[in-house]
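The values are calculated or read from the model by the stated rules, or taken from the named source; none is laboratory data. Just so we're clear, the structure is a prediction, and the values are computed from it rather than from any experiment. Counting neighbours? That spans all protein chains shown, and the Cβs are built from the backbone with ideal geometry, glycine included.
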């Protein structure tokens with residue numbers, strides 16, 4: 001694995017730690033944000049979306065265009 | 001059963017039979033064709049069969065129940081972990097795909113046999129797979145029969161019909177047909193789920209979250225009203241779920257299917273998008289049901305409760321969606337267990353060569369017997385079977401040290417792999433049946449994994465590394481990917 005891959009691994013671990021850390025994730029009563037939608041975004045959904053985008057970028061990078 | 005539901009069910013079955021027919025026409029009577037579709041599955045079907053296999057009827061029935069009972073922590077429990085799982089497609093899936101292409105593996109356990117030059121490793125790993133998957137299949141049949149009975153079919157007839165349909169299309173077309181039907185069933189499941197969630201939001205006048213906050217604020221926090229989602233427990237579930245591509249054989253075998261690296265890349269990109277979209281409606285249904293009736297007898301009634309406020313045709317669609325998601329998981333599990341019995345326990349263990357025709361007979365017969373066994377167990381499942389089905393992910397997680405050692409650490413030995421599996425299952429059993437309370441609030445499976453890893457390392461360091469085939473596999477992995 002190259003240095004870039006290790007960088008990605010570190011990034012994925014940061015997202016996971018962030019998600020499962022009581023200091024960041026809402027441990028008390030959750031406060032909804034981004035109002036006006038039929039349902040509201042919440043921190044864990046935002047983190048999941050960040051993870052999703054990261055996975056897509058990583059897959060493009062890691063697999064390249066090889067057959 | 002109302003006419004619309006019956007009509008849709010018949011149309012759905014007809015499509016499955018059409019797939020079976022085309023799969024049968026393209027078949028080639030070899031195990032490679034029957035169990036891994038000749039490794040020539042394309043982008044859409046490959047990622048859909050992976051996703052549809054991953055999401056069973058639990059998604060549309062059980063997950064809304066989790067949101068209903070335990071609140072927002074359920075999102076992290078499964079949605080975040082399912083998206084994160086895609087990272088493991090790169091770590092494990094890529095290597096397994098390359099090994100399958102090079103050494104023509106048909107079962108994941110066959111790879112372990114070669115890597116460690118050991119039939120014992122293959123047999124123990126295969127038996128762990130069967131022990132923890134067959135009960136899960138039976139419980140899925142119980143769920144399908146209950147669902148069909150609510151639509152007017154006697155439960156035994158419903159369950160038998162469910163089994164027969166899977167048997168027909170899997171026996172005729174093998175993996176190719178199973179992958180096609182998975183793509184069809186997965187599309188149905190996703191689209192209908194999104195339709196139900198969308199229609200509910202259109203029906204509901206206010207903001208879902210703000211209304212839930214008024215009804216029960218504990219639902220929007222962890223550990224939730226029942227106290228399930230403590231941080232150690234959420235981390236335990238996260239570990240159990242993200243490693244499923246390496247530990248649940250019906251998912252691992254899907255890495256043998258892609259015809260190219262590009263297909264594998266599509267799998268890695270598209271499957272987390274599918275997971276994210278599939279989880280959205282379960283959140284809406286679970287929290288929505290809480291607003292309609294906060295005192296349901298069971299969280300599993302969340303979906304039927306939400307359906308009461310939606311147009312009648314949606315009920316029929318929901319029935320098809322749940323049946324489709326259940327079938328797409330059961331067919332894959334049965335096929336992989338059949339491959340383990342045929343290839344690992346018969347072909348690989350017999351010194352005498354078995355003819356191609358005899359192999360195919362064993363494959364088809366084992367599938368018939370497995371489905372028959374699952375059906376018989378499902379008629380009146382003993383308590384142990386129910387417990388084993390709940391422990392399905394936890395049990396197969398104990399295969400992870402052996403799989404990781406095989407792929408990433410060249411010093412791993414067969415004794416290390418064997419020790420890891422035995423110790424892992426023993427620790428899990430101790431937590432489940434031996435009265436031991438796992439430390440620091442983590443699930444017993446996590447301690448099984450930790451002790452299994454320790455056993456793998458310690459035993460490997462004091463035993464001899466693999467010879468012959470093992471060296472070939474290690475040399476390939478080192479050349480293509482590098483190893484520790």
(message) For the structure I just gave you, tell me whether residue B:37 is buried (at least 18 other Cβ atoms within 10 Å of the Cβ), assigned to a helix (DSSP H, G or I) and at pLDDT below 95.
(response) yes
(message) Restricting to region B:195-214, count the residues that are in contact (Cβ under 8 Å) with a residue 60 or more places away in the chain and either in a loop (DSSP other than H, G, I, E, B) or away from chain A (no Cβ under 13 Å) (or both).
(response) 3
(message) Here is a check on your reading of the model: is residue B:200 farther than 14 Å from residue B:330 by Cβ, touching a helix residue (DSSP H, G or I) at 6+ places or on another chain (Cβ under 6 Å) and crowded, with 21+ Cβ neighbours inside 10 Å?
(response) yes
(message) Quick test of your reading of the structure: residue A:29 fulfils all but one of (1) surrounded by fewer than 18 Cβ atoms within 10 Å (Cβ to Cβ); (2) facing another protein chain (nearest Cβ under 7 Å); (3) modelled with pLDDT of 55 or more. Name the failing condition by number.
(response) (3)
(request) Within region B:272-292, identify whether any single residue is more than 19 Å from the chain's Cα centre (by Cα), farther than 30 Å from residue A:16 by Cα and surrounded by fewer than 24 Cβ atoms within 10 Å (Cβ to Cβ), and answer yes or no. (result) yes
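Can you spot a residue in region B:260-269 that is assigned to a helix (DSSP H, G or I), free of Cβ contacts under 8 Å to residues at least 40 places away in the same chain and within 13 Å of chain A (Cβ to nearest Cβ)? Can you show your working first?
Initial filter on region B:260-269 (assigned to a helix (DSSP H, G or I)): B:261-269.
Narrowing further to those that are free of Cβ contacts under 8 Å to residues at least 40 places away in the same chain: B:265.
Filter again for within 13 Å of chain A (Cβ to nearest Cβ), leaving B:265.
Within region B:260-269, one or more residues are assigned to a helix (DSSP H, G or I), free of Cβ contacts under 8 Å to residues at least 40 places away in the same chain and within 13 Å of chain A (Cβ to nearest Cβ).
Which count do you get for residues in region B:28-52 that are more than 16 Å from residue B:193 (Cα to Cα) and under 21 Å from the mean Cα position of the chain (by Cα)? Full working, then the answer.
Of region B:28-52, the ones more than 16 Å from residue B:193 (Cα to Cα) are B:28-47, B:49-50.
Remaining after also requiring under 21 Å from the mean Cα position of the chain (by Cα): B:34-37, B:39, B:41-47, B:49-50.
Qualifying residue count, region B:28-52: 14.
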(message) For region A:36-61: of the residues being within 7 Å of another protein chain (Cβ to nearest Cβ) and part of a loop (DSSP other than H, G, I, E, B), which is modelled with the lowest pLDDT?
(response) A:38
(request) Working only within region B:1-34, note down all residues that are within 24 Å of residue B:362 (Cβ to Cβ) and part of a loop (DSSP other than H, G, I, E, B). (result) B:26, B:27, B:28, B:29, B:30
(message) Here's a check for you: in region B:77-90, which residue that is more than 9 Å from chain A (Cβ to nearest Cβ) and farther than 16 Å from residue A:56 by Cβ is farthest from the chain's Cα centre (by Cα)?
(response) B:77
(request) Return yes or no: is residue B:242 within 10 Å of chain A (Cβ to nearest Cβ), under 20 Å from residue B:395 (Cα atoms) and modelled with pLDDT of 95 or more? (result) yes
(request) Quick one: residue B:458 ticks every box in (1) modelled with pLDDT of 95 or more; (2) under 20 Å from the mean Cα position of the chain (by Cα); (3) surrounded by fewer than 23 Cβ atoms within 10 Å (Cβ to Cβ) except a single one, so which number is it? (result) (2)
(message) Being on the phi < 0 side of the Ramachandran plot and either more than 13 Å from chain A (Cβ to nearest Cβ) or assigned to a helix (DSSP H, G or I) (or both): is that true of residue B:222 here?
(response) no
(request) Among the numbered conditions (1) buried (at least 22 other Cβ atoms within 10 Å of the Cβ); (2) within 12 Å of chain A (Cβ to nearest Cβ), tell me where residue B:249 comes up short. (result) (2)
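Taking region B:391-417 only, how many residues are within 20 Å of residue B:248 (Cβ to Cβ) and in contact with a helix residue (DSSP H, G or I) (Cβ under 8 Å, 6 or more places away or on another chain)? Break it down stepwise before answering.
Of the residues in region B:391-417, the ones within 20 Å of residue B:248 (Cβ to Cβ) are B:391-408, B:417.
Now restrict to residues that are in contact with a helix residue (DSSP H, G or I) (Cβ under 8 Å, 6 or more places away or on another chain): B:391-407, B:417.
Counting residues in region B:391-417 that are within 20 Å of residue B:248 (Cβ to Cβ) and in contact with a helix residue (DSSP H, G or I) (Cβ under 8 Å, 6 or more places away or on another chain) gives 18.
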(message) With the structure loaded, tell me whether residue B:237 is farther than 29 Å from residue B:417 by Cβ, within 11 Å of another protein chain (Cβ to nearest Cβ) and buried (at least 21 other Cβ atoms within 10 Å of the Cβ) or whether it fails that test.
(response) no
